[in-house]
Amino acid sequence: MTASLACLSVVMPAYNEAATIQAVVNRVLQQPEVGQLVIVDDASRDATAEIIRSLARSEPRINFLSHSHNQGKGAAIRTGIAAASLPFLIIQDADLEYDPTEYTTMLEPLLEDKADVVYGSRFLGGRPHRVLYFWHSVGNFFLTLLSNMFTNLNLTDMETGFKAFRRELIQKIAIRENRFGFEPEITAKLARLGARFYEIGISYSGRTYAEGKKIGWKDGVSAIRCILKYNLFCR
């Protein structure tokens, strides 16, 4: 993987993640592929921003950005993508649900010029997977199926938060959704551009709501709206 060294910009949206932010940042920066870590604090109400500032003082790879008011995960990702500068880009949540040690696997199809975008699927392969909410898995299956019907892709996990891209491609896309509608929006827009998709089986250590999980049923309804909107009406 010599060719991959320092070729990766990691975009990390963060909102009220003081309990996990230092651990996940340290783990991200341990990966040899990471040349830039863009962290966007979405007006956290806890100590998240202070922790990031402290880490950034001693780590030149960290680019710390912040929103003056809370806008949502999609808005934070949009801000981070615009600031990325290396050939490849990956989205990393500021918790410990997705494992940065799997960057090597995620980057492989991009480095071999087989793919333009790689989705880390929680439902492929035999990697460890924390057992949690049944209805979340049902909702995820339905949203992925509905998205696939419009895009003619055969993804298994459209809603995954672990996605890698060629930077120049994702920066061409005008991202409009501020919350979790980001996932179906970019899937529709990338499919329309004819991007080459790959999926990689990943591990997943999901959180409970007590541990800080933020997505809810209203976001599922919004995702349906976004699938219809960006596949039928908005270009």
Handout entry: Hey, Ala188 of a type in the set (Gly, Ala, Ser), over 23 Å from Val34 (Cα atoms), in contact with a strand residue (DSSP E or B) (Cβ under 8 Å, 6 or more places away or on another chain) and at pLDDT 95 or above or not
Key = no
Handout entry: Counted residues, region 4-30 - those being aliphatic (A, V, I, L, M), under 23 Å from Arg179 (Cβ atoms) and at pLDDT below 95
Key = 1
Practice task
Report, by residue number, each residue of region 193-228 that is modelled with pLDDT of 95 or more and of a type in the set (Lys, Arg).
Solution key: Arg196
Practice task
Find the residue count for region 181-207, including only residues that are in contact with a Ser or Thr (Cβ under 7 Å, 6 or more places away or on another chain) and hydrophobic (A, V, I, L, M, F, W, C).
Solution key: 4
Completion exercise
Considering region 49-69, residues that are within 28 Å of Glu185 (Cα to Cα) and in contact with a helix residue (DSSP H, G or I) (Cβ under 9 Å, 6 or more places away or on another chain), and then whichever is surrounded by the most Cβ atoms within 10 Å (Cβ to Cβ), we arrive at Ile62
Practice task
Six or more apart or on different chains, Cβ under 8 Å: which pairs go from a residue in region 212-235 that's assigned to a helix (DSSP H, G or I) and among the aromatic types (Phe, Trp, Tyr) to one that's crowded, with 16+ Cβ neighbours inside 10 Å and modelled with pLDDT under 90? Could you list them?
Solution key: Trp217/Gly139
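Is at least one residue of region 126-135 among the hydroxyl-bearing types (Ser, Thr, Tyr), at pLDDT below 95 and over 20 Å from Val10 (Cβ atoms)? Give the derivation first.
Quick first cut of region 126-135, residues among the hydroxyl-bearing types (Ser, Thr, Tyr) only: 133.
Okay, now just the ones that are also at pLDDT below 95, so 133.
So of that shortlist, the ones also over 20 Å from Val10 (Cβ atoms) come out as 133.
Within region 126-135, one or more residues are among the hydroxyl-bearing types (Ser, Thr, Tyr), at pLDDT below 95 and over 20 Å from Val10 (Cβ atoms).
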Fill in the blank from the handout: Of the conditions (1) over 12 Å from Asp95 (Cα atoms); (2) of a type in the set (Gly, Ala, Ser); (3) loosely packed, with under 15 Cβ neighbours inside 10 Å; (4) modelled with pLDDT of 95 or more, the single one that Ala43 does not satisfy is (3)
Practice task
State yes or no: is Leu232 modelled with pLDDT under 95 and either closer than 19 Å to Val10 by Cα or surrounded by fewer than 20 Cβ atoms within 10 Å (Cβ to Cβ) (or both)?
Solution key: yes
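Count, please, the residues in region 75-118 that happen to be of a type in the set (D, E, K, R), part of a helix (DSSP H, G or I) and crowded, with 21+ Cβ neighbours inside 10 Å. Outline the logic, then answer.
Initial filter on region 75-118 (of a type in the set (D, E, K, R)): 78, 93, 95, 97, 99, 102, 108, 112-114, 116.
Subsequent filtering for residues that are part of a helix (DSSP H, G or I) retains 78, 102, 108.
Pick out the ones that are also crowded, with 21+ Cβ neighbours inside 10 Å and you get 78.
The total comes to 1.
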Practice task
Tell me, please, whether a residue that is more than 17 Å from the chain's Cα centre (by Cα), among the charged types (D, E, K, R) and part of a loop (DSSP other than H, G, I, E, B) can be found in region 47-66.
Solution key: yes
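The values are calculated or read from the model by the stated rules, or taken from the named source; none is laboratory data. Keep in mind that this is a model prediction, so the values were computed, not measured. For neighbour counting, all protein chains shown are included, and Cβ atoms are generated from backbone atoms with ideal geometry for every residue, glycine included.
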